[in-house]
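Contents: one structure, followed by commentary.
The values are calculated or read from the model by the stated rules, or taken from the named source; none is laboratory data. Everything numeric in this text was worked out from a predicted model, so none of it was measured. Ideal geometry is used to build each Cβ from the backbone, glycine not excepted, and the neighbour counts take in all protein chains shown.
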């Protein structure tokens with residue numbers, strides 16, 4: 001139950017962060033496309049100056065809670081492996097180390113934006129975020145390679161790929177901060193990671209969502225490797241195919257959310273596609289008036 005609650009908590013945090021980044025970056029781009037530049041942090045628009053850094057405060061709190069959770073579960077015994085050095089202990093400590101680095105980066109970003117103690121350029125922040133997402137990819141891929149459960153290994157492998165995409169997009173933004181597509185892609189990848197964390201929690205810890213032929217091991221602590229097993233190889237392949245299908249469904253959901261976000265933000269900002277062409281008819285009509293005036297003058301002179 002605790003593992004499922006942690007996945008729900010992580011999913012809600014990532015989905016909220018991804019959606020907030022999508023809305024903020026789209027709004028900034030539509031307001032001024034020519035002067036647009038990606039930001040690692042979008043201040044919260046409010047009349048109160050204290051609420052400006054509210055998203056960063058929430059990110060720091062969520063990272064601290066996730067860090068403490070990873071440190072706590074690293075001490076859980078693993079009934080599948082003998083001895084005091086369990087595999088899940090090292091993978092949990094690796095995840096805790098990556099979360100701690102994200103916490104340091106968020107704290108540095110807060111100090112950089114709120115004071116002059118640590119002035120960090122935007123490209124450096126994106127480069128550091130790219131490195132941390134790559135570390136997250138490495139940890140997830142390593143966890144997938146040592147999992148004794150094929151179902152859980154598949155979930156970790158997909159999560160690793162999403163982290164790799166986020167690392168690549170952060171690196172692109174560090175080089176080209178004016179690339180709006182990369183900024184939207186970063187928010188979408190965080191949103192997708194949140195949906196996949198939710199799917200992982202449901203597929204591993206909720207009996208109604210566990211694929212047919214797979215089951216939870218009741219004598220294993222929830223959250224450690226191998227807690228959900230598929231006894232027959234055929235059922236394991238079927239479960240992996242179902243997870244691939246669900247991943248495509250989540251990707252389609254993210255694409256729809258991105259399109260809806262762009263439409264609604266565009267309407268709220270008041271973008272008009274024909275606004276840049278409104279001056280053309282007036283210019284042409286004034287040109288025609290000048291021509292007719294010249295022709296009238298020439299006719300008058302001829303008659304005279």
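Does residue 68 qualify as being in a helix (DSSP H, G or I), assigned by TED's automatic domain parsing to the domain that holds residue 133 and more than 20 Å from the chain's Cα centre (by Cα)?
Numbers: in a helix (DSSP H, G or I): yes; assigned by TED's automatic domain parsing to the domain that holds residue 133: yes; more than 20 Å from the chain's Cα centre (by Cα): yes.
Judged against the criteria, residue 68 is a match.
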Q | Enumeration of residues in the stretch 3-37 that are farther than 23 Å from residue 254 by Cβ, in contact with a helix residue (DSSP H, G or I) (Cβ under 8 Å, 6 or more places away or on another chain) and in a helix (DSSP H, G or I) | A | 3, 31
**Q.** Test set (1) at pLDDT 85 or above; (2) touching a strand residue (DSSP E or B) at 6+ places or on another chain (Cβ under 9 Å) - residue 257 fails condition number
**A.** (2)
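Taking the stretch 123-154 as the search range and keeping residues that are at pLDDT below 90 and out of contact with any strand residue (DSSP E or B) (no Cβ under 9 Å at 6 or more places or on another chain), which one is surrounded by the fewest Cβ atoms within 10 Å (Cβ to Cβ)?
Quick first cut of the stretch 123-154, residues at pLDDT below 90 only: 142-154.
Okay, now just the ones that are also out of contact with any strand residue (DSSP E or B) (no Cβ under 9 Å at 6 or more places or on another chain), so 142-147, 153-154.
Working: 142: 15, 143: 24, 144: 20, 145: 11, 146: 13, 147: 20, 153: 19, 154: 22.
Out of the qualifying residues, it is 145.
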